[in-house]
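What follows is one structure encoded as structure tokens, with my remarks underneath.
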Amino acid sequence: MVSPPKEAPAMAEKITPRGTDYSKWYQDVVKNAGLAENSDVHGCMVIKPHGYAIWEKMQQALDRMFKATGHVNAYFPLFIPKRFLEKEAEHVEGFAKECAVVTHSRLIAGPDGKGLIPDPAAKLGEELIIRPTSETIIWNTYRNWIQSWRDLPILINQWANVVRWEMRTRLFLRTAEFLWQEGHTAHANQAEAEEEAKKILEVYRTFAEDWMAMPVLTGPKSDGQKFPGAIYTLCIEAMMQDKKALQAGTSHFLGQNFAKAFDVTFQSREGKLEHAWATSWGVSTRLIGGLIMTHSDDQGLVLPPRLAPIHVAIVPIYRKEEEKTAVIEACHKLAAGIRGIAPDPWLHYEPISVKVDDREQYQPGYKFNEWEVKGVPIRVELGPKDLAQNACVLARRDVPGKEGKIMGVPLASAPERIAAILKEMQTGLMEKARSFRDANLKTVDSYDDFKAQIDSPGGFFLAHWDGTRETEDRIKNETAATIRCIPSHLPAEPGKCMVTGQPSKQRVVFALSY
RNA sequence: CGGGGUGUAGCUCAGCUUGGUAGAGCGCCAGCUUUGGGAGCUGGAAGUCGCAGGUUCGAAUCCUGUCGCCCCGACCA
């Protein structure tokens, strides 16, 4: 008679494997890594400290890049008078469906003495919209700032929250309120504005690849997918691990649309009155969703070192008091050594971020798992056995399980070793993501082939398209796939539309998307 | 806004069919033992059962109304 098997530890499997249910996996990672949670407010999330710390790292890197390209930060109002939004036809049409509207300025007790109701006497003369984006308020303001060609260009960015009243939301990927940056620039001529839109796209591409280790395709959107009010929209588009596309950033050439709508004119060098040329561009907290879905595994979050709020977690191991004293001391000494590594431009000359996990209420095993699920790139284990030989154990987050452990690393050389591994991880993650993306980037020539593959195995499909909205809509209706971008890295190779057989100037990227 | 589901402890849920003093696991608090991959034992705190009516001697349970939330569809960074 064999005794019944012990029950699996109740805590063991907190994260649904990707293969079982990708969407559940995503939610589990966000929750278990402590990045964010749903709030009691419909569609709005609470970004928790660990998630917000990642956003702060993103902000820092992006902000530096914006400043380096001549931009400055400013802040415009959260509320936008309804009449502003009405001024640009396409813009209204695009955003009207998802606007939060402020109608009153005061609450009073309800008629039965219970609760509060908007005071009818305090109804606003003009209703205010909570910004879904700020083009209108900003161009209304620029009208006063721009008179002469000497006032141009205006290169402004703002870090802000916006509200788009979404029906269905997912943490980071789509929430009613989200955080982002929005750049709004004004230029004296078309060429300069178009140059700006391209320049920012390149900033986004660099950030995505060099910081997030997330490879992206770049290029214009189809007219059907462009920003409401833009002449054209450039985008960076990334492939998630389930092979779906994520629009990760957009840069719009707005032409003179907003200048005309808001009557923003300037006198040129030649003395003529002209409308200003505009761009706008943004990336949002959605990037955190992209970061998660690019690198993380069934154990939890995996962070590229350049965006990790904590690079190294040191876990002391001990039994007796004497051991504890010696081990903790060694941990802090090692931490100081790691922080003392020569500043590297790679981390903006900031020290490597180290945390000595000296919490007494948790055992080492618990801590190992916690740092793992939170995506800390390197974990150091330091106990009496290690101390006896002046060494420690390093565990790499990008190599799961025991294989990621490096035993017997001398304490004296550990800091240098850690610094080297961090760099290695950053490029390793990028290479891994790129080869995954490339392996799932396919060329198709027949619509039947396309339909057979779009759901499974899935991926990005390079196909010829006749350039019409009708065909784009038909493909969307029949397969749910959309044109993600018209890739600029490919030579324009003419062909025939996979659906209609009409002439096509070049292949475009189709995929299912978030 | 259409279809489905669900509200009971901080969290996940049982109890409801057949009405009779509120339950479990996790978490939390205290103590002891533990500590190299999510510790164990003992004790403890914690819920006007979404809200409002009704039926009844008695309602988490039955009836009516109401509100919130979740999932699925049309829109989107």
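The values are calculated or read from the model by the stated rules, or taken from the named source; none is laboratory data. This one's a predicted model, so the numbers in the text were calculated from it and none came from an experiment. Methodologically, a virtual Cβ is constructed for each residue, glycine included, from the backbone with ideal geometry; neighbour enumeration extends over all protein chains shown. What goes into the accessible areas is simple: the full protein's heavy atoms, side chains included, and nothing from ligands, DNA or RNA. Shrake-Rupley method; radii C 1.70, N 1.55, O 1.52, S 1.80 Å.
Considering segment A:288-323 alone, what residues qualify as being within 13 Å of RNA strand B (Cβ to nearest atom), farther than 17 Å from A:Val29 by Cβ and open to solvent by less than 40 Å² (accessible area, probe 1.4 Å)?
A:Ala313, A:Ile314, A:Val315, A:Pro316
Which condition from (1) outside any helix (DSSP H, G or I); (2) within 15 Å of RNA strand B (Cβ to nearest atom); (3) touching a residue at least 40 places away in the same chain (Cβ under 8 Å) is the one that A:Asp445 breaks?
Condition not satisfied by A:Asp445: (2).
Considering only helices (runs of 4 or more DSSP H) fully contained in segment A:45-98, which possess at least 2 residues that are aliphatic (A, V, I, L, M), in contact with a Leu (Cβ under 8 Å, 6 or more places away or on another chain) and in the same structural domain as A:Val163 (by TED's automatic domain parsing)?
So the answer is A:49-68.
Within segment A:97-106, is even one residue within 26 Å of the chain's Cα centre (by Cα) and either away from RNA strand B (no atom under 14 Å from the Cβ) or under 26 Å from A:Lys198 (Cα atoms) (or both)?
No; the residues of segment A:97-106 include none that is within 26 Å of the chain's Cα centre (by Cα) and either away from RNA strand B (no atom under 14 Å from the Cβ) or under 26 Å from A:Lys198 (Cα atoms) (or both).
Pairs please, first residue from segment A:343-366 and closer than 15 Å to A:Ile314 by Cβ and basic (Lys, Arg), second anywhere and more than 11 Å from RNA strand B (Cβ to nearest atom) and in a loop (DSSP other than H, G, I, E, B), Cβ atoms under 7 Å, 6+ apart in sequence or on different chains.
A:Lys355/A:Ile310
Which is within 25 Å of A:Lys97 (Cβ to Cβ) and open to solvent by 30 Å² or more (accessible area, probe 1.4 Å), of A:Arg170, A:Arg205?
On inspection, the qualifying residue turns out to be A:Arg170.
For segment A:125-162, name all the residues that are open to solvent by less than 20 Å² (accessible area, probe 1.4 Å), assigned to a strand (DSSP E or B) and in contact with a Lys or Arg (Cβ under 7 Å, 6 or more places away or on another chain).
Scanning segment A:125-162 gives A:Ile129, A:Val162.
Filtering segment A:190-241 down to residues that are aromatic (Phe, Trp, Tyr) and either within 18 Å of A:Glu90 (Cα to Cα) or touching a Ser or Thr at 6+ places or on another chain (Cβ under 8 Å) (or both), which residue is nearest to RNA strand B (Cβ to nearest atom)?
A:Phe227
Hey, can you tell me all the residues within segment A:415-462 that are among the basic types (Lys, Arg) and within 30 Å of A:Ala391 (Cα to Cα)?
A:Arg417, A:Lys423, listed by residue number.
Mind checking which residues of segment A:68-91 are open to solvent by 40 Å² or more (accessible area, probe 1.4 Å) and under 19 Å from A:Ile231 (Cβ atoms)?
Across segment A:68-91, the qualifying residues are A:Lys87, A:Ala89, A:Glu90.
Which members of segment A:22-61 meet the condition of being among the aliphatic types (A, V, I, L, M) and open to solvent by 10 Å² or more (accessible area, probe 1.4 Å)?
A:Val41, A:Met45, A:Val46, A:Ile47, A:Ala53
Name the single residue, out of those in segment A:354-385 being in a loop (DSSP other than H, G, I, E, B) and of a type in the set (Gly, Ala, Ser), that is farthest from RNA strand B (Cβ to nearest atom).
Checking each candidate, the answer is A:Gly375.
Within segment A:417-439, is even one residue acidic (Asp, Glu), within 16 Å of RNA strand B (Cβ to nearest atom) and surrounded by fewer than 13 Cβ atoms within 10 Å (Cβ to Cβ)?
No; the residues of segment A:417-439 include none that is acidic (Asp, Glu), within 16 Å of RNA strand B (Cβ to nearest atom) and surrounded by fewer than 13 Cβ atoms within 10 Å (Cβ to Cβ).
Would you call A:Tyr349 closer than 30 Å to A:Glu209 by Cβ, open to solvent by 40 Å² or more (accessible area, probe 1.4 Å) and of a type in the set (Ser, Thr, Tyr)?
For A:Tyr349, the condition - closer than 30 Å to A:Glu209 by Cβ, open to solvent by 40 Å² or more (accessible area, probe 1.4 Å) and of a type in the set (Ser, Thr, Tyr) - is met.
Give the number of residues within segment A:258-283 that are hydroxyl-bearing (Ser, Thr, Tyr) and either surrounded by fewer than 23 Cβ atoms within 10 Å (Cβ to Cβ) or without any contact (Cβ under 8 Å) to a residue 12 or more places away in the chain (or both).
2
Quick check on segment A:163-174. Is at least one of its residues of a type in the set (Asp, Glu), assigned by TED's automatic domain parsing to the domain that holds A:Trp277 and assigned to a loop (DSSP other than H, G, I, E, B)?
yes
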